[in-house]
Amino acid sequence: MEPVLVVGASVGGATAADTLARAGVPVVMLERDTSYVKPCGGAVPPVAFTEFDLPETLISRKVHHALVHSPSERVVEIEVAGVHRSDQDYIAMCCREEFDCYIRQRAVQHGATLIEGQLIDLAFDKEGVTVTYRERFGGARQELRAVAVIGADGAYSTTAKLLGLPNLPRCIAIQQRIRLPASKMARWEDTADLYLGPEVSPDLYAWAFPKSDHVAVGIGTGPSHSKRARELLANLKRRISRDLEGGEVILEEAHALPMEPREHMAFERAMLIGDAAGLVVHTSGEGIYWAMKSGKMAAETLIASLPDASLAALRRYERRWWKTYGTMYRFLVWLQKWGYGNARQMEVFTDMCRNLDVQRLTFESYMHKSMTPVPWLAQLRMTADIIAAQVRHYLPRRRTGQPAVA
Ligand SMILES: Cc1cc2nc3c(=O)[nH]c(=O)nc-3n(C[C@H](O)[C@H](O)[C@H](O)COP(=O)(O)OP(=O)(O)OC[C@H]3O[C@@H](n4cnc5c(N)ncnc54)[C@H](O)[C@@H]3O)c2cc1C
């Protein structure tokens, strides 16, 4: 049988290739540049390490506390703990240059072939796909035949373009890796920070994610503010300038993130995964786990159906994905619009973060990707807190014209 082609050998593509290779399916990974480091905050949920059998040596720093800073600089401290406490409650901070490299090498060890080259064209026929790519070194055009294609080539997916699909709406995220003196680094020993406010992100959030020897400080913002990304990052650095004193910028990196999932992710002899399919979650911009998970699911679908790579066979991937995660995605889309809509809503969002039930349920679903049933008393407490916060931040302002600060 001809191989499956995986375009892009980052987290999603390498996971798909590894899954196929382990099942004995011939697979080729086409990566335009293996030295490329994906711009990324590198926050990974612990479940990724157990589910994808990753060594903890890939974790640069484990974080057990989070601080949420409201636009008016009220700060909520949150312990990173789920509903069922365990030593697996933490956020793993990783460096993508190490993380991606490990998964890619593992796929090769299990039998995947890695080609350094850039996808140029896909020609589908009844028996398979003719793939044209340009070699990274030398630039020669080459062709290969594949039985099916998995597009794991990120937010600007060439695979999606060649399938005739439109660009997805994209937000932009920009960050600097800043090396700090030890005295300043101590501040981030065990803590990650989330900053809310229109001057740092009018529609998403800003962050400081610590690694072993630096802190990654960045902002994300939607399409209507993407031209201001650098200005927003400068505002964030000004806002936390005391924490960054004596710091040295060692890298600045920026990239787009898709803002919504594609209508379809499975086609005749082709599937899209990760950012190429728009599978980043809204409220957090989290995409690493979802790229890996979708890569695994797409590969499992092929393993079960090959040599049949028809539309009907591959749509099983799409159906399984939305059956498992549809409700969660819809909720998080709503939460982003509700929580980051404007400065006052961001204050309400911050208040909501004070609620212990909200904290535990949020971290349970983030860290372990499990939806825990919410007891009615907790539902009542959360609803009451949200209504109280909503009233607190809106009523006084209407009367006095002043922003409400708790
Ligand atoms: C600044 C920033 C911070 C982020 N922070 C976090 C975070 O903290 N936690 C988190 O979970 N997510 C985060 N994300 C999102 C996360 O980076 C992505 O969701 C994730 O990398 C998607 O993985 P992927 O495999 O789908 O695609 P990508 O990681 O984008 O990889 C695509 C691969 O395809 C290759 N490629 C592209 N075109 C071609 C072509 N034509 N031919 C061959 N190869 C090609 C690229 O070189 C690349 O290796 C962040 C994103 C940004 C921009």
Handout entry: Scan of region 353-406 for residues that are loosely packed, with under 12 Cβ neighbours inside 10 Å and either on the phi > 0 side of the Ramachandran plot or at pLDDT 85 or above (or both), ordered by number
Key = Gly401
Practice task
Could you tell me which residue of region 35-67 is least open to solvent (accessible area, probe 1.4 Å), considering only residues that are under 21 Å from Arg177 (Cα atoms) and over 19 Å from the mean Cα position of the chain (by Cα)?
Solution key: Leu67
Problem - Those residues of region 363-387 which are free of Cβ contacts under 8 Å to residues at least 24 places away in the same chain and part of a helix (DSSP H, G or I), in sequence order - result: Trp376, Leu377, Ala378, Gln379, Leu380, Thr383, Ala384, Ile387
Handout entry: Failed item, numbered, when Trp338 is tested on (1) modelled with pLDDT under 95; (2) of a type outside the set (A, V, I, L, M); (3) open to solvent by less than 10 Å² (accessible area, probe 1.4 Å)
Key = (3)
Exercise for the section: Test Leu144 against the stated conditions and say whether it is in contact with a strand residue (DSSP E or B) (Cβ under 9 Å, 6 or more places away or on another chain), modelled with pLDDT of 95 or more and open to solvent by less than 20 Å² (accessible area, probe 1.4 Å). Expected result: no
Handout entry: Residues that are touching a Ser or Thr at 6+ places or on another chain (Cβ under 6 Å), open to solvent by 10 Å² or more (accessible area, probe 1.4 Å) and among the small types (Gly, Ala, Ser), drawn from region 190-228
Key = Ser212
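For residues that are open to solvent by 10 Å² or more (accessible area, probe 1.4 Å) and at pLDDT 95 or above, scanning just region 264-285, find the one that is farthest from the ligand (Cβ to nearest atom). Steps first, answer last, please.
Step one: filter region 264-285 for residues open to solvent by 10 Å² or more (accessible area, probe 1.4 Å), giving 264, 267-269, 275, 282-285.
Checking which are at pLDDT 95 or above leaves us with 264, 267-269, 275.
Numbers: His264: 17, Phe267: 17, Glu268: 20, Arg269: 18, Asp275: 4 Å.
Across region 264-285, the extreme among qualifying residues is Glu268.
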Practice task
Take region 275-328 and flag every residue that is small (Gly, Ala, Ser) and under 11 Å from the mean Cα position of the chain (by Cα).
Solution key: Gly278, Ser284, Gly285, Gly287, Ala291
Exercise for the section: Any residue in region 147-172 that's closer than 22 Å to Val27 by Cα and in a strand (DSSP E or B): show its pairings with residues that are away from the ligand (no atom under 12 Å from the Cβ) and open to solvent by less than 20 Å² (accessible area, probe 1.4 Å) at Cβ separation under 6 Å, as long as the two are six or more apart or on different chains. Expected result: Ala148/Val4; Ala148/Ala309; Val149/Val129; Val149/Ala270; Ile150/Met271
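The values are calculated or read from the model by the stated rules, or taken from the named source; none is laboratory data. Not measured: the values here are computed from a predicted model. With ideal geometry, Cβ positions are generated from the backbone for all residues, glycine too; neighbour counts draw on all protein chains shown. Accessible surface areas use protein heavy atoms only, side chains included; no ligands, DNA or RNA. Shrake-Rupley method; radii C 1.70, N 1.55, O 1.52, S 1.80 Å.
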